[in-house]
Amino acid sequence: TQSLVPQVVSEEDRQAANSMNQLGYATGRTLGPLEAGILIAVRSAALALFELTVVYGAALIATFGISAKHQRKLSKDSAFRQIVDGLAYVRRNPVLLWTIFMAFSTIFFAMIFPIVPVYARDVLEVSEVKFGWMWGALAIGQAAGAFAIAARGGFRRKSYGVTAGAIVFGLGLAGFGLSDTYWLSLVFLFVAGIGFPLWVTPVVTLLQDHSVPEYRGRVMAVYTIPLQGVSIGWMLGGVLMDLIGNYPTVLVSVFGGWVVGGVALVASRDFRRA
């Protein structure tokens, strides 16, 4: 998907297009948990899962409407050789290298996913519908951030957008961790949600802009490696909440992500200027 965007839109519209992708994710994350909570409360979890299959079917049909100019370049190299070549290309490009390094902060930021349900159950003690609204508030903030990026045409220096996204997300999550009031928790989740597109959009655009077409697919594939840190974040968040408690885990999430991003900013002048 991320390799496809540069083939569909012009370079000047690339940040806006990536932010609109974030808007699509936000719409699903807003309506999905809310509707699932309602369906579970009214009928059963089975009905919610059935509707999920309908949504996936609609998404599959929508892919046939995508039109992109793409000319496949055949290579005599083996798949392994091409993978090694792609990694070497990333290593030679400081902006790509440090952007992907910085993406490992998702290991910490993804800890929000086990944190939210634990707070919903143990601190706020909410119903399924109100729990759905908690994810909805996060996604509405994501949609607001995506609209803001698209409206202003993106960041001139994308590294500033990455930094702003990490700061906004961290402050929202820290405030959520301190809150024991449901409506205030929704506000902080909304703030945290704004940080998602502020972070993701410039990261993806940096990788697209600094990759030549013949390597772009491999660069975006390398980017998926740190994104797998989301799964590690789920496990790490759950373990730490059992070991050190809820709010200390929130602090590990916030400051851990900030440290990884800060290292990239300090270590690479190319990344700071990108």
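The values are calculated or read from the model by the stated rules, or taken from the named source; none is laboratory data. Keep in mind it's a predicted model, so treat the numbers as computed, not measured. Cβ atoms come from the backbone with ideal geometry, glycine included; neighbour counts cover every protein chain shown. Quick note on the areas: whole protein, heavy atoms, side chains included, nothing else; ligands and nucleic acids left out. Shrake-Rupley method; radii C 1.70, N 1.55, O 1.52, S 1.80 Å.
A compact table of results
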quantity: Heavy-atom accessible surface of the stretch 167-274: percent carbon and sulfur, 1.4 Å; calculated: 72 percent
quantity: Fluctuation leader among Ser127, Ser185, Ser105 - the chain, Gaussian network, Cα springs under 10 angstrom; calculated: Ser127
quantity: Debye log10 I(q)/I(0) for the stretch 31-117, one point scatterer per Cα, at q = 0.10, 0.15, 0.27 Å⁻¹; calculated: -0.62, -0.98, -1.17
quantity: Candidates Gly170, Gly28, Gly136: whichever shows maximal mean-square fluctuation once the chain is modelled as a Gaussian network with Cα springs under 10 Å; calculated: Gly28
quantity: Packing rank of 160-169, 259-268, where each peptide gets the mean count of other beta carbons within 10 Å, highest leading; calculated: 160-169, 259-268
quantity: Equivalent ellipsoid dimensions for the stretch 42-184 as semi-axes, Å, which come from the Cα gyration tensor, largest first; calculated: 36, 25, 17
quantity: DSSP H segments from the chain that extend 30 Å or more along their own axis, Cα-based, with Kyte-Doolittle mean of -1.0 or above; calculated: 14-42, 128-152, 158-178, 182-209, 246-267
quantity: Rg(Cα) / (2.2 N^0.38 Å) computed for the stretch 92-249, rounded to two decimals; calculated: 1.11
quantity: Estimated D of the stretch 72-130 in µm² per second, where Rh is the Kirkwood radius over Cα pairs and Stokes-Einstein applies at 4 °C, 1.567 mPa s; calculated: 84 µm²/s
quantity: Extent along principal axes [Cα atoms of the stretch 215-274; Å; largest to smallest]; calculated: 42, 26, 11
quantity: Highest-MSF residue in the chain out of Ala192, Ala59, Ala48 [GNM, Cα springs under 10 Å]; calculated: Ala59
quantity: The stretch 71-205: relative contact order as a whole-number percent, Cα under 8 Å and 6+ apart; calculated: 28 percent
quantity: Rh by Kirkwood over Cα pairs, then Stokes-Einstein D for the chain at 1.306 mPa s and 10 °C, µm²/s; calculated: 80 µm²/s
quantity: Residues of the stretch 141-188: accessible area per residue with a 1.4 Å probe, Å²; calculated: 46 Å²
quantity: Whole-number D in µm² s⁻¹ for the stretch 119-173, Kirkwood Cα-pair radius fed into Stokes-Einstein, 20 °C, 1.002 mPa s; calculated: 164 µm²/s
